[in-house]
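What follows draws every value from the coordinates through simple rules; no lab data is involved. Predicted model, so just to flag it, every value in this text is computed and none were measured. Cβ: placed from backbone, ideal geometry, glycine included. Neighbour counts: every protein chain shown.
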Amino acid sequence: MDKIKEVIVVEGKDDTKQVQRAVLADTFETNGSALSKKALEQIKKLQQSRGVIVFTDPDFNGERLRKLIDQNVPGVKHAFIRRDQGVPTEAHGSLGVEHASSATILAALQNVYTTTHVLTPTFSNQDLIKAGLAGSPVAKRRRERLGELLGIGYGNAKQLLKRLDLFAIDRPTFERAVAQLDQEGKTHE
C-alpha cells in the first residue's frame with residue numbers, strides 16, 4: 001500500500017475511511033462544507049509542516065472548499081475524481097470521494113497538481129473555441145473529457161481557462177489532450 005507523506009484534506013469521516021482503504025495517509029476532515037477560521041489555520045500549519053493535498057468531492061460544495069483553501073493556503077496540492085467516479089451505489093446517497101474505488105483514489109493521489117498564480121494567462125477563449133471546448137454543441141462533453149485527461153476536473157469554459165493556468169498546464173500538454181479528444185471523437189462517429 002502506498003504511503004502519502006502529505007496530509008489529505010477531505011470533507012468527512014466516510015471520505016477518510018475510503019482514502020485509508022486505498023493508501024496509508026493521514027487526513028484532515030473539514031466536517032462538511034463549512035470551513036472555520038480555526039480549521040483554515042490548522043490547514044496552514046499542516047501545509048508548512050507536511051504539505052497538504054486537497055481531495056474534496058466533485059460537487060459544488062467540494063469545489064467551493066477547494067477554492068477557499070487554495071486562496072488561503074499557498075502551495076497546496078490538488079487531487080481530483082470525476083463526478084461519475086463518486087456516484088453512490090444507493091439512490092439516496094450524495095456524490096463524493098467516499099464512493100470512489102481504491103484504484104480511483106490511488107490514481108487521483110498519484111496525479112496531483114499544485115496551483116500557480118499566473119499574471120499573464122496562457123490560454124484564451126479563442127483557444128477553447130478553436131479546440132471545440134466552447135461555443136459548440138459538444139463543448140460541455142469535450143470539457144468534461146479534457147478535465148479527465150488532464151486530471152484537473154470539470155469546469156465551464158470560464159472555469160476551464162482559470163484551471164489551465166492555475167494548474168500550469170502548458171500548451172503542448174493541452175494540445176496533446178485536445179488531439180486525443182479529436183481522435184476519440186472520430187472513433188465514436
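This model, with +1 at the C-beta of Lys and Arg and -1 at the C-beta of Asp and Glu, gives segment 40-185 a dipole about its Cα centre of some 340 debye. Between residue 168 and residue 29, the contour length at 0.36 nm per residue exceeds the alpha carbon distance by 47.3 nm. The spacing between segment 62-131 and segment 1-30, judged by their C-alpha centroids, is 16 Å. Kirkwood radius, segment 7-114, all distinct C-alpha pairs, inverse of mean reciprocal distance: 13.6 Å. Relative to the dominant Cα principal axis of the chain, helix 60-72 is inclined by about 80°. Remark: 24, 68, 181, 133 ranked as 24, 68, 181, 133, counting other beta-carbon atoms within 10 Å and listing the fewest first. Under 27 Å Cα-Cα from residue 77, which lysines qualify once same-chain neighbours fewer than 8 residues away are excluded? Within reach: 3, 5, 13, 17, 37, 38, 44, 45, 67, 140, 158, 162. Here the relative contact order of the chain, from alpha carbon pairs under 8 Å that lie six or more residues apart, stands at 17 percent.
Shown here are the Rg and Dmax of the Cα trace of the chain, at 16.8, 53 Å.
Note on segment 1-45: along the principal axes its Cα atoms extend 34, 21, 8 Å, ordered by decreasing extent.
Full extension of the chain between residue 37 and residue 159 gives 41.3 nm of extra length, using 0.36 nm per residue less the Cα-Cα distance. Subtracting the Cα-Cα distance of residue 14 and residue 44 from 0.36 nm times their residue separation leaves 8.5 nm of extension gain. What is the helix-to-structure angle for 13-22, meaning the angle in degrees between its Cα long axis and the longest Cα principal axis of the chain, kept from 0 to 90 and rounded to the nearest 10? Helix 13-22 sits at roughly 70 degrees to that axis. As a length-normalised measure over Cα pairs under 8 Å and 6 or more apart, the relative contact order of segment 7-114 settles at 30 percent. With Cα atoms as the point set, segment 125-188 shows a radius of gyration and Dmax of 10.5, 31 Å.
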